[in-house]
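Scroll down for the structure; my scribbles are underneath it.
The values are calculated or read from the model by the stated rules, or taken from the named source; none is laboratory data. Bear in mind the structure is a predicted one, so any value in this text is a computation, not a measurement. Every residue, glycine as well, gets a Cβ built from its backbone with ideal geometry; the counts of neighbours run over all protein chains shown. Protein only, heavy atoms only, side chains kept; ligands, DNA and RNA dropped before computing areas. Shrake-Rupley method; radii C 1.70, N 1.55, O 1.52, S 1.80 Å.
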Amino acid sequence: MKRIAILGSSGSIGKTTLKLIRQYKKEFSLEAVTVNSNVSSLEQQLAQFKPNKIAVVDKEARKKICASLAKGTQIYSGIEGLNRIASDKEVDIVVIAISGSFALYPLLAAIKANKQIALANKEAMVMAGSIITERLRNSQAKLIPVDSEQSAIFQCLEGKEKDKLKKIYLTASGGPLFNAPLKKFKHLRPQDVLRHPRWKMGKKITVDSATLMNKGLEVIESMWLFNMAVSNIQVLIHPEAIIHSMVEFIDGIILAQLGVTDMALPIQYALSYPRRLENKEYELDFLKVKRLTFKKADTRKFPCLDFAYQAARDGGSAPAVMNAANEEAVKAFLDERMGFIHIPQVIEKIMSKHKIILRPGLNAILAADGWAREEAKRLIPNLR
Ligand code: MG
């Protein structure tokens with residue numbers, strides 16, 4: 001029986017993980033959950049799963065939940081609470097399902113505690129990939145990616161000679177705006193963008209899918225996860241979202257991972273790894289899919305993808321700055337403080353102003369992240 005902690009249990013990945021824990025009662029138990037501030041979701045989970053420990057990041061939300069807490073449930077708060085749960089002795093698998101660079105702290109805590117980590121967050125790896133991979137190498141922790149593309153690459157590489165990997169093909173559904181004309185982008189509001197054609201996901205990642213920054217973040221993430229030069233990572237728009245990514249070896253042989261478009265599959269694999277569990281819910285009917293198509297990403301329309309390649313080539317603190325600028329820009333767009341077309345403008349301006357620090361330590365990365373956020377806050381109110 002594997003004991004699971006879910007960081008970010010009220011989000012889309014968190015809820016799917018809970019569904020799997022319920023489905024495989026003999027395999028998994030829920031030891032702990034954390035939320036940022038979603039009290040109603042947490043109350044439901046407490047009633048249904050009775051986890052032993054919880055953490056609530058937001059102070060006000062914590063006060064509210066304390067009143068209705070059953071005896072014996074331990075409650076933690078703030079970022080320390082997340083770190084505490086990520087390194088808890090009674091936890092075997094830590095599912096990191098919170099979005100944003102905030103996930104870096106509990107991720108490092110889980111690595112230090114030698115956990116099996118199911119990582120759904122990409123921002124942490126983008127901002128601090130060199131530090132995370134180094135700490136992983138020096139620990140007994142095992143990181144299993146949950147993101148469908150990274151899970152696909154991870155599975156294709158299992159048991160293979162990793163140094164014979166030549167190229168990664170990262171597939172992308174294209175997001176909610178792939179076929180929308182560029183001249184319409186000016187008028188887009190959050191509700192127009194938050195409708196993804198293939199994947200049901202949280203708000204941040206859905207906006208990132210619309211700008212293709214999500215794919216950009218994945219390019220940087222796979223560079224670190226699979227030790228691949230960024231020039232050997234190619235993004236392919238694949239609207240059917242059946243091939244979840246592919247790897248090519250030096251002999252020209254290509255392996256792909258295919259399946260139904262549902263996050264339950266990669267999440268289940270990250271939980272059951274290295275085993276596989278029977279799941280009859282997801283059967284792909286190739287005769288209904290009929291064909292698989294591929295297109296090139298239009299980076300004039302979606303410049304964020306180019307920014308990510310640029311940041312990856314620049315290295316050092318550049319990806320952290322790009323990521324922080326993007327997080328602030330997406331937040332401002334969702335709050336309707338600026339338009340959709342301003343997202344790439346904000347990122348580009350801040351990236352070009354940043355003096356890159358090569359080989360940054362953790363403090364330098366956090367400082368670069370903070371600097372980019374301050375710049376964004378100054379810039380955003382003056383955009384037209
Ligand atoms: Mg993905």
>> Please enumerate, by chain and number, the lysines with C-alpha under 25 Å from the C-alpha of K288, excluding those fewer than 8 residues away in the same chain.
In response: K200, K280, K296
>> Starting from 0.36 nm per residue, how many nanometres of slack lie between R135 and K355 once their C-alpha separation is accounted for?
In response: 76.6 nm
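Compare D285, D251 by solvent-accessible area with a 1.4 Å probe and give them largest first, with all protein chains kept in place.
D251, D285
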> Which lysines, on any chain, are close to K112 with Cα under 17 Å apart, when same-chain ones fewer than 8 places away are left out?
Replying inline: K89, K142
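Where only protein heavy atoms count, and the probe is 1.4 Å, what is the accessible area per residue for the stretch 245-384 in Å²?
54 Å²
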>> For a quick check: with amide H placed at 1.01 Å from N, whose amide H comes under 5 Å from L30's, ignoring anything fewer than 5 positions away on the same chain?
In response: I4
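At 1.4 Å probe size, with the rest of the protein present, what percent of the exposed accessible area of the chain is carbon and sulfur atoms?
The computed percentage sits at 50.
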> Ignoring ligands, DNA and RNA, how do D298, D88 rank by accessible area with a 1.4 Å probe, largest first?
Replying inline: D298, D88
> Do you know the relative contact order of the chain, to the nearest whole percent, from alpha carbon pairs under 8 angstrom that are 6+ apart?
Replying inline: 14 percent
> Around L236, which amide H atoms from residues at least 5 apart in sequence, or from another chain, sit under 5 Å from its own amide H, with H modelled in the peptide plane?
Replying inline: L170, T171, A172
>> Quick query: amide H of K142 versus all other amide H atoms, modeled in the peptide plane; which residues come in under 5 Å with a sequence gap of 5 or more or a different chain?
In response: K115, Q116, I117
> Normalised by the number of residues in the stretch 130-247, what is the relative contact order in percent for Cα pairs under 8 Å and 6+ residues apart?
Replying inline: 43 percent
>> Using C-alpha positions alone, give me the convex hull volume of the stretch 140-285 per residue in cubic angstrom.
In response: 136 Å³
> What does the charge dipole of the chain about its Cα centre add up to, to the nearest 20 debye, if the Cβ of each Lys and Arg holds +1 and the Cβ of each Asp and Glu holds -1?
Replying inline: 520 debye
>> Using protein chains only and a probe of 1.4 angstrom, how many square angstrom of R22 are accessible, to the nearest 10?
In response: 100 Å²
> Thinking of the chain as a set of Cα atoms, what percent of all their pairs are more than 29 Å apart?
Replying inline: 42 percent
> When every alpha-carbon pair in the stretch 315-384 is counted, what percent end up more than 19 Å apart?
Replying inline: 28 percent
> Which whole number of Å³ per residue matches the convex hull of the alpha-carbon atoms in the stretch 2-145?
Replying inline: 94 Å³
> At a probe radius of 1.4 Å, what is the per-residue accessible area of S12, in Å² to the nearest 10?
Replying inline: 50 Å²
> If contacts are Cα pairs under 8 angstrom and at least 6 residues apart, what is the relative contact order of the stretch 2-145 in percent?
Replying inline: 22 percent
